[in-house]
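S.K.: Below: one structure in structure tokens.
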Amino acid sequence: MPIHVYECDGCGRRFEALVRGDREPSACTGCGSAEIERMISPFAITRREVDQIRELDPKYKQMVDDLIASTPEAEPMRHLERLTSFDSVDDPGEPIEF
Ligand SMILES: [Zn+2]
């Protein structure tokens, strides 16, 4: 079942509709106007293409996760390495009174 994109002449809204056979939507999903027009085919997405995009999803997500893991911010020891241990610091003196 193809998904077609329609544009409303009344409010300008664009919306998608799953079309079964010849049963096209009769009104705008926004304003209810019957003055809707199907957009030309490049905008139409078939069910199969949607499934293909969904199949790509986990790989794409993994790719993003890998990229995030390779950034310096993802290294958990990054902050610990910057810390100065207590025993290597000069005597800070008397505690400050507030
Ligand atoms: Zn409308």
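S.K.: Report, in deg cm²/dmol and to the nearest 500, the calculated mean residue ellipticity at 222 nm for the chain, where each DSSP H run with n ≥ 4 adds -39500 (n - 2.57) and the sum is divided by the residue count.
M.R.: Calculated mean residue ellipticity at 222 nm is -9500 deg cm²/dmol.
S.K.: To the nearest Å, what is the center-to-center distance of the range 61-98 and the range 21-42, using C-alpha atoms only?
M.R.: The range 61-98 and the range 21-42 have Cα centres separated by 57 Å.
S.K.: Here's something else I'd like to know. Under 5 Å between amide hydrogens, which residues at least 5 positions from MET39 or on another chain qualify, with H placed 1.01 Å from N in the peptide plane?
M.R.: Correct list: VAL5, TYR6, GLU7.
S.K.: Sticking with this one: For the chain, modelled as a Gaussian network with Cα springs under 10 Å, which listed residue fluctuates most, THR29, THR71, THR84?
M.R.: THR84
S.K.: Now a separate question. Which one, ARG82, ARG23, ARG54, has the greatest fluctuation when you compute a Gaussian network model over the chain with C-alpha springs under 10 angstrom?
M.R.: ARG82
S.K.: A follow-up question, please. Could you give the angle, 0 to 90 degrees to the nearest 10, between helix 47-69's Cα long axis and the longest principal axis of the Cα atoms of the chain?
M.R.: Around 10 degrees separate the two axes.
S.K.: Neighbour counts of other C-beta atoms within 10 Å: give me PHE86, PHE15 arranged from fewest to most. Mind dumping the intermediate values first?
M.R.: Details: PHE86 7, PHE15 14.
Least to most surrounded, the residues fall as PHE86, PHE15.
S.K.: Could you give the radius of gyration (one decimal) and Dmax (whole number) of the Cα atoms in the chain, in Å?
M.R.: Looking at the chain, its Cα Rg and Dmax stand at 29.0, 85 Å.
S.K.: Please list the equivalent ellipsoid semi-axes of the range 1-43, computed as the square roots of five times the alpha-carbon gyration tensor eigenvalues, in descending order and whole angstrom.
M.R.: 17, 11, 7
Rule-based calculations on the coordinates, nothing more; no lab input. Quantities reported herein were computed from a predicted structural model and do not represent experimental measurements. Neighbour counts run over all protein chains shown; Cβ positions are idealised from the backbone, glycine included.
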